[in-house]
Each structure stands twice: as structure tokens, then as C-alpha cells.
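Note sheet for the following structure.
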């Protein structure tokens, strides 16, 4: 099956899934095989991905998975353990590559230290940045900004931080926690991390040109890494999960949420789902959401996570004493009073299929980039409610620049109250402003889908990446997707 490309994602669904989808795209464009390395660690739960790996392996015979030996448990703090994991995998990666005939390697950006290993084996090394290009531009500029600022982001409050390529200033309080303190080990590691990314063979970003023209120009012009050589950046998105393709081919399994949506009017339902970390939502917050939804009068589909069992993460939800479990975290009588216009499901729903359903007209999201892209591709407008990591940066981009979302403001106070939830949901689904936002989302969704079609910007870029990896003619690809 042609040449082998190694992929090395972080073993978490939010990183593994888009890397697998990238592998599928590469296979469609070239006669290659993909080997995906899975790093195991006591600090990272690998169980939820087992059934996912099994499904992908069955459906895609040219995608292989190889589990590296488990990384030993660190006695350090949780944060240090997270950082140690990436360094402790290096010897295992070397051992694998020494017996491999790989032609190139694509790394999760968290495995930045593996660049030196790739250079040792004379392998072209690309990084896959699964977030948006505006965030990439900001992070690449971080080493430069470090020399300009004397204070940590955590000490700057809501003061605006300006980054080349990030169209809107970011309040310092919205920067990710791991880089909020310039004296921390995670901050120091991030400085090194993004300096390494710029020295690679290229950075593959999960976005598309028409969505982020300002970031594209800044990256192409070297504004984000001034005065130093900058790796080319490739826009190949929107790469999203395909939970229809990878389900049981018998199609016997159809989630209850889809059957319920079939009976709802077009564009009438607001969908609420907060990603794999949604189980961290407190019972108090769940009750505020319930009250807000009930008062809004709008149709809704709400995924409530009380736990993260492996079965739910794989898409197979086993519900035990469902009504009793839900009623324990929801206001008394809520399920009965909203019966017919609302559906609450536990743990999991097929998010891609739900967002693409014609009955869905809005999405309340935690602003994880995978979820945001799935909403963008479906043409569904969002209510942005960020939780952690770079999600607050995504919120700024989605609300201020892309204008595909309206902000849920109360998250900074620790809890979003029912009054705001009611107001935001009703605004998105019923107001003139919400109607305009939804219309814009539909247009942007069309452009995102077009980017992946033959002749589209991301399609052309993917073809060029394959040419470069295979050393088949062509010059170096620039950020615009054109030869330079």
C-alpha cells in the first residue's frame, strides 16, 4: 500500500479523532498507509478509545494502530506528570522508528519534543494543530510576547492582549491557565513548544482559508514569528468527526435523540452539549440550565453528563434507572413539564448527526474547536460558553471575528444563572439578531464544505501536502495554499 506515514496524537478523543480524520483524508489523496501510535500513561485514561480504535480499524484497512509501552507513573504533581508523559514517550518512539520504514511523521503539537527524534531519523516532521489558525498565530507569537511583557497573564486582569493574526484582542483573563503564570513549568514548556513548531517541516491546521483570512496573512507574512524562519502552514479543514461512517454498518443503532428530532419543526431546536468534560458541571449549574430552558419556551435537546463511562464515550450509552438519575440533578417535575418540546439524554448523543439534523437551529457549546467546527460545517449558529484550555480564546474568535456565536457572559462568575440562559436561548432562536446570526452560520457552513470539495482551497492544499511528502515535484507550499 505505498509509503507509510506515522501519526502520533495525544491519546485522548479530542486529539485522536481529528488526527484519524486527517489520516483518512490523506489516504483518499494518495496510495499510502497510516500508522497511528498510541501512548499509554497512568495519568491518561485510554479505555474510552478502545472501541473507537476497533471501529476505525475495521472500517479502514490502511489505518493501523500501534500501542507503545505504558509510560511509568511519575511521583510528581499532576501537572508535572502531564508534562513528563510527553518526554517519557521519546525512548519508545525511537525504538519504534528504528524498526520502521516510515516516510514522514505527523505529530500532535503536544509531542513537540519528538521533532529532534524525527530529525535524528531524517524524517520530514509535520505538526497537526487541531485548533484554529488564529490560536496558532497567537501561540507562535508567545515567545516574542514573553520578551515584551514583564507580567503574567494572570496578573493583568481583563487587559487586552494583541497578537498578530488574532483579529480581536484577547482579555488576559481568557488566556489558557497553563500559560497564565510565566514562572510555571507549563508556561516555560509552552515557550519551547511553539519555538519547535516553527522549526518543523510544516504545521497542518484544522481550519479553512475563508474562515480565517487575517490569520492566514499573518502566518504567511511571518508576523507571528518575527525575524526568524517560519515553517509553512497548511489549512486543510474543516476536519470533523464522521460518527455516521464509523458506526456499525448494519445501521441498527439509531440514537433516541435523532428519532425525537425527526418529529420537530425545521430549525426549531437548540442543542446543548458540553463535550467530554461536561460531567464537571455542578448540580447547581444543571438546575440553572433547566430553569432557563423551561422559561425560554424553546424546544431543546440537552445532553447531561453525570459520568464518563467507556461505553458512553464510544457511542454506546447504557442507561440504568434513567428517570430517577435525571430527576436527581434536575428541578422537580422539569422532565414532565417540558415533555414534548424538550429531550434530556444522559452522557452521550451523536453530535455530528444531531448538528446536521434539519430540526436543529442553535448550539450551546463549550467552544472546543472540534465541536465548533462540527457546528460550522453543519451551518448552525452557537451560544459560546467556554470552560477550560484554549476555549476562551475560541470564544473570542467565534463571537468577535467569525461572528458565528453569541457569548454566554456569566461563566466568569463561576456559574451562569437561569436568567441569562433564558435570554440567550430566546435571543438566538427568536430575535432578528439571532435570525441574522443563523443566516450567516448557514453561509459560512457552505464555504467550509466547499473547501473540502475537489477544487476547494483545503482540497488543493491536501493534494500538495501529499506531493511534498512523496517528493513528487512542486515547490514549497505557502500559507495561502499557493506555490511560493
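The values are calculated or read from the model by the stated rules, or taken from the named source; none is laboratory data. The structure displayed is predicted, hence computed values, not measured ones. Using ideal geometry, Cβ is built from the backbone for each residue, glycine included, and neighbour counts are taken over all protein chains shown.
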- Query: If you take just the helices (runs of 4 or more DSSP H) that sit entirely in the stretch 57-165, which of them hold at least 3 residues that are closer than 16 Å to residue 195 by Cα and in the same structural domain as residue 212 (by TED's automatic domain parsing)?
  - Reply: 114-120, 133-148
- Query: Scanning the stretch 376-394 for residues that are in a helix (DSSP H, G or I) and in contact with a helix residue (DSSP H, G or I) (Cβ under 7 Å, 6 or more places away or on another chain), which turns out surrounded by the most Cβ atoms within 10 Å (Cβ to Cβ)?
  - Reply: 376
- Task: Go through the residues of the stretch 354-374 one by one and say whether even a single one is under 20 Å from residue 297 (Cα atoms), surrounded by fewer than 21 Cβ atoms within 10 Å (Cβ to Cβ) and either at pLDDT 95 or above or not assigned by TED's automatic domain parsing to the domain that holds residue 268 (or both).
- Result: yes
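If you scan the stretch 147-161, which residues turn out to be in contact with a helix residue (DSSP H, G or I) (Cβ under 9 Å, 6 or more places away or on another chain) and loosely packed, with under 15 Cβ neighbours inside 10 Å?
If the condition is that a residue be in contact with a helix residue (DSSP H, G or I) (Cβ under 9 Å, 6 or more places away or on another chain) and loosely packed, with under 15 Cβ neighbours inside 10 Å, then 151, 155, 157, 158, 159, 160 are the ones that fit.
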- The residue that is farthest from the chain's Cα centre (by Cα), considering only those in the stretch 67-116 that are modelled with pLDDT of 90 or more and more than 24 Å from residue 201 (Cα to Cα), is 69
- Task: Check the stretch 219-233 and report whether any residue there is part of a strand (DSSP E or B), surrounded by 18 or more Cβ atoms within 10 Å (Cβ to Cβ) and under 22 Å from the mean Cα position of the chain (by Cα).
- Result: yes
- Under the condition of being touching a helix residue (DSSP H, G or I) at 6+ places or on another chain (Cβ under 9 Å) and surrounded by fewer than 16 Cβ atoms within 10 Å (Cβ to Cβ), which residue from the stretch 398-413 is nearest to residue 169 (Cα to Cα)? 403
- Query: Of the residues in the stretch 175-193, how many are in a helix (DSSP H, G or I) and over 20 Å from residue 109 (Cβ atoms)?
  - Reply: 0
